[in-house]
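Q: Encoded as structure tokens, here's the structure I'll be asking about.
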Amino acid sequence: MTPETTSTPHSTSTLRPIPEFDGVHEIWPRGDRLEAVRSAAEKYHERFVRQGRVEAIRTVDIATAPYPSRFAFQGYSIHANPFISITNRMMVIQFQGFDGELKTLVWEPTVAAGSAEAPFYDKIQALGNKLGVAKFFATYYNDPDDVLPSLGLRNEDVDYVSFDHLHVQDVRMIMGSTEPIEGESTPREPLFPNAKLLVHRKELGTFESMHPMQWAWYVDNGMAGVPEDRLEVFDGDVELGVGVSLLWTPGHTDGNHSLCVNTPDGVWVQSENGMAPDNWQPELSKIPGVKQQAAFYGREVVLNANTLEDTLDQYDSMVKEKTMASRSARDPRWAQVLPSSECAHFKRQWPLVPSFSHGTLNYGAIEVPERR
């Protein structure tokens, strides 16, 4: 059955709810909820692949930044270096909307200057400056506002922008603001002037009243002055168009959601619930301690554990992600879950390097839409 199309309060466009997941997050006790999430993902995977594929995908590296080793694999890994490096990637996806029109989604267009404002990275930068090693902490590859022109598109061609969650994002630098950012004299213009920000209602609500356990990872006033009409607010799990869905994956944050795309190689899911494929399949991990600790506790996933808003929900969400994902054509043992911030393969952080890496996604031909 095709789900009905529903619209959100701040947009004239439409998203479709995913009925397979209705009510699964309310099931009790928690063991039953996990199995309900798994079963719903199995059912939705079957319907999702029948609906069709995206038109094109390009993945572009944005920056590499430091990240505490103890968070990346829930403290299970054995390591000497207190920091690993993680690579943030932006993705450009083109797909057919349910209105029959070509749509362009920009996923994870992180602006490095905004991320540096988050309390955690502000303190890390201060420590790096004090020790005289700040220049080694981050490497920048591409600015989000330069990526579209390199693909033959204009930033005006973007219909949607989204992040799996809003940790270390100054949304004002991406969607624009009606008031100046602190230290600036004029309001910010949007990077993508015609785009809506797809944001889960619970993620947006976090900015209204921040809990101390959330504070270190969110940019203070990061949503201040962002016009409401630039937001596409949704609840639960939604389909954007043919071959593209946003799966609600709470736990890392209340409003966390994961990108799900159908391609010629099957279904991919992109998420920051883990830092490497090892997180979703610790039984295959070669990182010392990860496989052993997961087996000791009888756990099938290992969390990216910098925030502990709800570890049980995050666990269930990771099971949901790997159940939705197809198997890798390169190595069928691995599910196609792609970290949005991936643990790098740098020798200096050995032995904490991924056991497998999916690499970047490159499908189809990017098409220039009709000019607005």
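The values are calculated or read from the model by the stated rules, or taken from the named source; none is laboratory data. Since this is a predicted model, take the numbers as computed values, not measurements. So basically every Cβ, Gly included, is an ideal-geometry build from the backbone, and we count neighbours across all protein chains shown.
Q: Enumerate the pairs (first residue in the range 83-109 and at positive phi and surrounded by 21 or more Cβ atoms within 10 Å (Cβ to Cβ); second residue anywhere and outside any strand (DSSP E or B) and not acidic (D, E)) with beta-carbon separation below 6 Å, excluding pairs fewer than 6 apart on the same chain, so at least 6 apart or on different chains.
A: Going by the 6 Å Cβ cut-off, the qualifying pairs are E108/F163; E108/S340.
Q: Condition (residue is on the phi > 0 side of the Ramachandran plot, surrounded by 22 or more Cβ atoms within 10 Å (Cβ to Cβ) and in a loop (DSSP other than H, G, I, E, B)) applied to the range 233-241: is it met by at least one residue?
A: The answer is no; no qualifying residue exists.
Q: Is it fair to say R53 is in a loop (DSSP other than H, G, I, E, B), at pLDDT 95 or above and charged (D, E, K, R)? Talk me through it step by step, then tell me what you get.
A: On the way: in a loop (DSSP other than H, G, I, E, B): yes; at pLDDT 95 or above: yes; charged (D, E, K, R): yes.
Answer is yes for this residue.
Q: Can you tell me which residue within the range 160-188, out of those that are touching a Pro at 6+ places or on another chain (Cβ under 8 Å) and among the hydroxyl-bearing types (S, T, Y), is surrounded by the most Cβ atoms within 10 Å (Cβ to Cβ)?
A: S177
Q: Is it the case that some residue within the range 336-358 is β-branched (V, I, T) and surrounded by fewer than 20 Cβ atoms within 10 Å (Cβ to Cβ)?
A: yes
Q: Then there's this: Restricting the search to the range 306-335, which residues are of a type outside the set (F, W, Y) and over 18 Å from W248 (Cα atoms)?
A: Hits for the range 306-335 are N306, S326, R327, S328, A329, R330, D331, P332, R333, A335.
Q: Something else now. List every residue pair whose Cβ atoms lie under 6 Å apart, where the two residues are 6 or more positions apart in sequence or sit on different chains, the first residue falls within the range 313-328 and is of a type in the set (D, E, K, R), and the second residue, located anywhere, is in a helix (DSSP H, G or I).
A: Partner pairs satisfying both residue conditions: D316/L34; D316/V37; K320/V37; K320/A41; K322/W280.
Q: Enumerate the pairs (first residue in the range 271-282 and among the aliphatic types (A, V, I, L, M); second residue anywhere and outside any loop (DSSP other than H, G, I, E, B)) with beta-carbon separation below 6 Å, excluding pairs fewer than 6 apart on the same chain, so at least 6 apart or on different chains.
A: Sorted first by the residue in the range 271-282, then by its partner, the pairs are M275/A72; M275/P339; M275/C343; A276/C343.
Q: Which of the following residues is at pLDDT below 95 and on the phi < 0 side of the Ramachandran plot: L308, L312?
A: So the residue among L308, L312 that is at pLDDT below 95 and on the phi < 0 side of the Ramachandran plot is L308.
Q: Being in contact (Cβ under 8 Å) with a residue 60 or more places away in the chain and more than 17 Å from the chain's Cα centre (by Cα) narrows it down to one of F346, F296, so name that one.
A: Result of the check over F346, F296: F346.
Q: Additional query: Please go through the range 289-309 and pick out each residue that is buried (at least 21 other Cβ atoms within 10 Å of the Cβ) and assigned to a helix (DSSP H, G or I).
A: V290, A294
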